[in-house]
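The values are calculated or read from the model by the stated rules, or taken from the named source; none is laboratory data. Predicted, not measured: the structure shown is a model, and the values here were computed from it. As a convention, Cβ positions derive from the backbone with ideal geometry for all residues, glycine included, and neighbour counts pool all protein chains shown. Accessible surface areas use protein heavy atoms only, side chains included; no ligands, DNA or RNA. Shrake-Rupley method; radii C 1.70, N 1.55, O 1.52, S 1.80 Å.
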Amino acid sequence: MKNPLLLHDLLYIGEHQTCNHYRADVGSGFIYEELEAGETERLDTVRRNHLLILLEGRCSLDCNQFSGRDFSAGEMILVPRSAAFSGRTLTRVRLLDMAFEKPESGCDRLVLQSYHTLCRQLRYDFRPTEIRYPLTAFFDLLVFCLKNGMSCAHLHEMKHRELFFYLRGFYSKEEIAGLFYPIVSRSFDFRNFVFENYRKVHSLKELIDLSPMSRSTFLRRFKSEFNDTAHDWMLKQTCQRIVGEIACPETTIKDLMAKFGFDSHSSFNRFCKTNFHCTPSELIRRYRKDVSCR
């Protein structure tokens, strides 16, 4: 005999949708997507990290220096905030995207901070982490709720915290550190300051001036948090953002100069030759040719 409680439509959906907390932005949330083969996956990485959970199918992802990485059903990968990202489905895909600025729980933030030393022993290579029980059951239930119209801000917040409970309970420290490697930090507040402000400035000096720290303290703290010098990190971000802007067919060299604070064609030309080994015009032709060939 069929049990009517096994699969049940959401009751009183109108009450859910008229609640002030329905689909409210709480800084963290899950989105369920179904994509056909050949579709493009886009993420807004300006404000948030994205934990991509692949439930069905295969896709190819580019993230910063890692390009053409194939991922399959049963795997999850973190795309960090500010990353240069693009994705393409190779087959029909079902996935969950958990977007978040930082772990909701102070305890989870402390746990990730405690893995800072462990991360120094790992070689990060943008490799996925296996999805296994109880996360398989957790994701199945979450998808069922989302597809039936449950999207209260409190639900997203609770599920965010619940996910970290299962990770801490059933995944090793090495697995967790490897998955969240790009955002493991001694101080989420310092990282948030950097990510909130580095796009607003045109130089490292301007970023330091926005902080309450001396130059020496800022540079020392930055090196400790990002395992890179502030100058090199800012340079990499600028290069990644320039390439991202070029993806828009309407973007011109003049637009790029204005957006990234170059006051002359010669200075922008020197920047491109130093960092991309070509002129701005050659960079645009090269990148757009690569995109059109995909």
- Assign unit charges at the C-beta atoms only (+1 for Lys and Arg, -1 for Asp and Glu), then state the dipole size of the range 50-145 relative to its Cα centre in Debye, rounded to the nearest 20. 240
- Message: Per 0.36 nm of contour for each residue apart, how much would the distance between Phe260 and His116 grow if the chain were fully extended, relative to their Cα-Cα spacing?
- Response: 48.6 nm
- Query: Got a number for carbon plus sulfur as a percent of the chain's accessible area, 1.4 Å probe?
  - Reply: 53
- Please give the contour-minus-distance gain from Tyr133 to His231: 0.36 nm per residue of separation, less the Cα-Cα distance, rounded to one decimal in nm. 31.0 nm
- For the residue pair Phe165 and Glu245, what label-to-label distance in nm results when each label sits 7 Å from Cα along the Cα-to-beta-carbon direction? 4.6
- With each run of n ≥ 4 DSSP H residues scored as -39500 (n - 2.57), what mean residue ellipticity at 222 nm is computed for the chain after dividing by its residue count and rounding to the nearest 500 deg cm²/dmol? -13500 deg cm²/dmol
- Here are several values of volume of the Cα convex hull per residue in Å³: (1) 251; (2) 132; (3) 165. Which one was derived from the coordinates shown? (3)
- Candidates Leu61, Leu118, Leu51; GNM for the chain (alpha-carbon contacts under 10 Å) flags as most fluctuating Leu118
- Note on the structure: Set Lys236/Lys273; Lys147/Lys173; Lys102/Lys205; Lys102/Lys200, cut-off 24 Å on Cα-Cα distance; pairs above it are Lys147/Lys173; Lys102/Lys205
- Task: Give me the accessible area per residue for the chain, probe 1.4 Å, as a whole number in Å².
- Result: 55
- Item | Stokes-Einstein translational diffusion, the range 33-111 - Kirkwood Rh over all Cα pairs, 0.692 mPa s, 37 °C, in µm²/s | 253
- Task: Would you mind classifying the range 76-203 by shape? Square roots of the alpha carbon gyration tensor eigenvalues, ordered a ≥ b ≥ c; an a/c under 1.5 is rounded, otherwise it is prolate if a/b is larger than b/c and oblate if not.
- Result: rounded
- In sequence order, calculated HN-Hα J values of the range 198-204 (Karplus, 6.51, -1.76, 1.60; Hz; x Gly/Pro): 5, 7, 8, 10, 10, 8, 5
- Note on the structure: Quick numbers on the range 173-267, Rg and Dmax over C-alpha atoms in Å, give 15.7, 50
- Express in Å², to the nearest 10, the accessible area of Val46 obtained by rolling a 1.4 Å probe over the protein heavy atoms while all chains stay in place. 60
- Give me the angle, in degrees from 0 to 90, between the Cα long axis of helix 135-147 and the longest principal axis of the Cα atoms of the chain, rounded to the nearest 10. 90
- Taking Lys254 as the anchor, which aspartates and glutamates have their alpha carbon closer than 19 Å to its alpha carbon, excluding any fewer than eight residues away along the same chain? Glu245, Asp263, Glu282
- Item | Charge dipole magnitude, Cβ of K and R +1, D and E -1 - the range 104-179, Cα centre, debye nearest 20 | 140
- Item | Listed residues Phe180, Met158, Leu207: farthest to the positive end of the dipole of the chain (Cβ charges) | Leu207
